[in-house]
Amino acid sequence: MLSLTKKSDEPVVVPLWHTNFRNFERLPDTKVVRTTFFVNTAAGAVTIALLMWLGYGEYRLHSLGEQIAAAQREIDANAKQNTEALRQTQIFDDEEKKLTEVETFMKVPIPVSEYIELIGRTLPKEISIDMADIRLTADPKNQVYVLRGVVAGTRDQAAGTASSYVDVLRTDKRLGSVFEPITLEKLTPDGATSFMAFEISLKVKTEAKK
């Protein structure tokens with residue numbers, strides 16, 4: 001029987017017991033691919049992408065500026081052409097109006113000189129003509145000749161004289177063949193004189209004989 005107090009002949013192993021004072025943050029990176037490589041690579045990629053984006057933006061701004069400048073040049077060129085076209089159109093319109101007026105005047109149912117002569121020949125001494133107006137239009141149905149003036153006498157006397165003059169115009173062979181109806185439009189006191197102001201309209205017939 002072995003003694004309990006017998007010592008073993010094997011050496012005793014004592015475990016490590018001192019404190020680990022290593023600073024892992026300051027220790028060199030011993031990985032095969034270091035962490036800083038990934039960081040630098042990512043930062044470089046972001047920088048390159050940002051530069052490319054900025055460059056593309058600058059290119060688009062430059063291209064847009066060129067397009068705007070080209071469009072403005074085209075607008076300026078067209079503006080000159082449009083201004084000239086408008087000027088030519090205005091000249092054409094003015095000339096057309098003149099030709100229309102001449103054509104309308106040439107189609108008058110009675111020459112102006114003959115009309116004035118007939119009015120003067122039939123005019124009584126109690127009446128004075130202040131204005132003879134001719135309203136010519138392209139449509140003969142709307143052509144009207146107007147006589148304005150004053151007539152002497154009281155209101156009743158002036159009304160009788162003016163009405164009689166209208167009858168004279170109606171019965172005149174030449175005037176009656178050109179105008180119908182011939183109407184006394186108004187008879188009112190003339191504020192500037194003691195006479196009565198009148199207005200007579202002579203409407204051109206639809207098929208007046210020249």
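Under 5 Å from the amide H of E199 lie the amide H atoms of E185, K186, each residue being 5 or more positions distant or on a separate chain, with H modelled from the backbone and absent for Pro and chain starts. Could you give log10 I(q)/I(0) at q = 0.13, 0.21, 0.27 Å⁻¹ for segment 142-205, computed by the Debye formula over C-alpha point scatterers of equal weight, without solvent? Once normalised to I(0) and log-transformed, intensities are -0.35, -0.79, -1.08. The stretch between T47 and T188, if pulled fully straight at 0.36 nm per residue, gains 41.1 nm over its current Cα-Cα span. Taking the Kirkwood radius as Rh and the Cα radius of gyration as Rg, segment 171-210 has a ratio of Rg/Rh equal to 1.18.
Summarising the overall dimensions of segment 110-151 from its C-alpha atoms, the Rg and Dmax are 11.7, 36 angstrom. Sorting 171-183, 112-124 by average packing, meaning the other beta carbons within 10 Å per residue, from highest down gives 171-183, 112-124.
Every number here is computed from the coordinates shown, using simple stated rules; none is lab data. Model, not experiment: these values are computed from the prediction. Positions of Cβ are generated from backbone atoms using ideal geometry, with glycine treated the same way; all protein chains shown enter the neighbour counts.
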